[in-house]
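The values are calculated or read from the model by the stated rules, or taken from the named source; none is laboratory data. As the structure is a prediction and not an experimental result, all values here were calculated from the model. Positions of Cβ are backbone-derived with ideal geometry, glycine not excepted, and every protein chain shown enters the neighbour counts. The protein model used for the area step is the full one, side chains on, heavy atoms only, and it has no ligands, DNA or RNA in it. Shrake-Rupley method; radii C 1.70, N 1.55, O 1.52, S 1.80 Å.
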Amino acid sequence: MKKHQTSDAFYLLAFFMIIISVGAALLCLPISWAGGGSYPRSIKIIDALFISTSAVCVTGLSTVDTAAFSRFGQIVILLLIQVGGLGIISFTSLLLMIPGHRLPFRRLQTIRSFSVDGVEYDPIKIVRNIVFFTLFIESAGSLALYFVFSSAGTDTPVFTAVFHAISAFCNAGFSPFPTSLENYSRNPLLLGIVAILIVTGGIGFIVLQDIERRIRGKRKNLSYHTQLVLSVTAVLIAGGAVAFWIMERNHAYAGMNLIDQIANSIFQSITPRTAGFDAVSQAALRQPSRYLTIMLMFIGGAP
């Protein structure tokens, strides 16, 4: 009689359910809450579960202001974002590290399905490369954001920089600020760094690895997948930025100089597709801009 094998989908679902449940439990602790508002001591279980799910699934939606959490609570949210950002790779990494566990061919194919021909085939190398790219880009982004936040006089620039770098690269859109990045709408350097992190995370690890191999001379040409992702991303960013600038230069962006208007137009074109930050209140946008934002959200990031 053939032995029944539990599918990888079940393990993946169980993995995320456990992470979400643990995150929700931690967010319910009084130590996670800074106090204030409708919750003097801690938040409700339903809110904690919603935020934990949102962080792990990197959606950026929240029923409670992230700024209302204590530093411990914000760190919990940040860790949930990081686990969710790594996603399937966190799951496969655990499988690979189980002592004495041999991966069947079926599972090797599951892991390899996250790569493409000519990029990488070895599952261990795929995991290692993804973790390396994640830590390297997030570290570089944190360092760049630290100098910007520090020069802007932001309190706790180290934590603020790390939080935004991870949240941006993982395309989560969470911010420890009550108004996201609206207080920095006239800081094009900061918006540019966050935008680069969002795009880098949004195009996917396959594209990043393909570009890295092309730069190192290991590939003569970029794969069709990479060319398609980069070209469509460029068209969406440029087209969206021009449209937002035309529609909002005398409305939401009124009073800004040309450089700030361009920076905010590009940022608004990038963030709806995969992230969720905002540098200008979405309520201030005109109706056509809101429809364009919805369209960009529907398109999303690279597969």
Exercise for the section: Please state which of the following conditions TYR253 fails to meet, knowing it meets all the rest: (1) of a type outside the set (Lys, Arg); (2) part of a helix (DSSP H, G or I); (3) surrounded by 18 or more Cβ atoms within 10 Å (Cβ to Cβ). Expected result: (2)
Exercise for the section: Considering (1) more than 22 Å from LEU181 (Cβ to Cβ); (2) under 21 Å from the mean Cα position of the chain (by Cα), say which one ILE266 fails and leave the rest. Expected result: (1)
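Being assigned to a loop (DSSP other than H, G, I, E, B) and open to solvent by 50 Å² or more (accessible area, probe 1.4 Å) is the filter here, so list the residues in segment 170-221 that pass it.
The answer is PRO178, THR179, ARG186, ARG216, GLY217, LYS218, LYS220, ASN221.
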Fill in the blank from the handout: If you go through SER7, SER42, SER38, SER54, the only one that is modelled with pLDDT of 90 or more, out of contact with any His (no Cβ under 9 Å at 6 or more places or on another chain) and not aliphatic (A, V, I, L, M) is SER54
Practice task
Considering each of PRO272, PRO288 in turn, give the residue that is under 24 Å from the mean Cα position of the chain (by Cα) and open to solvent by 10 Å² or more (accessible area, probe 1.4 Å).
Solution key: PRO272
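Of the residues ILE46, ILE18, only one is part of a helix (DSSP H, G or I), of a type in the set (A, V, I, L, M), open to solvent by 40 Å² or more (accessible area, probe 1.4 Å) and within 18 Å of LEU79 (Cβ to Cβ); which?
That would be ILE18, the only listed residue that is part of a helix (DSSP H, G or I), of a type in the set (A, V, I, L, M), open to solvent by 40 Å² or more (accessible area, probe 1.4 Å) and within 18 Å of LEU79 (Cβ to Cβ).
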Problem - In segment 138-156, residue farthest from ASN183 (Cα to Cα) [restricted to those that are touching a Leu at 6+ places or on another chain (Cβ under 9 Å) and open to solvent by less than 30 Å² (accessible area, probe 1.4 Å)] - result: GLU138
Problem - Filter result for ILE237 (under 23 Å from PHE132 (Cα atoms), assigned to a helix (DSSP H, G or I) and open to solvent by 20 Å² or more (accessible area, probe 1.4 Å)) - result: no
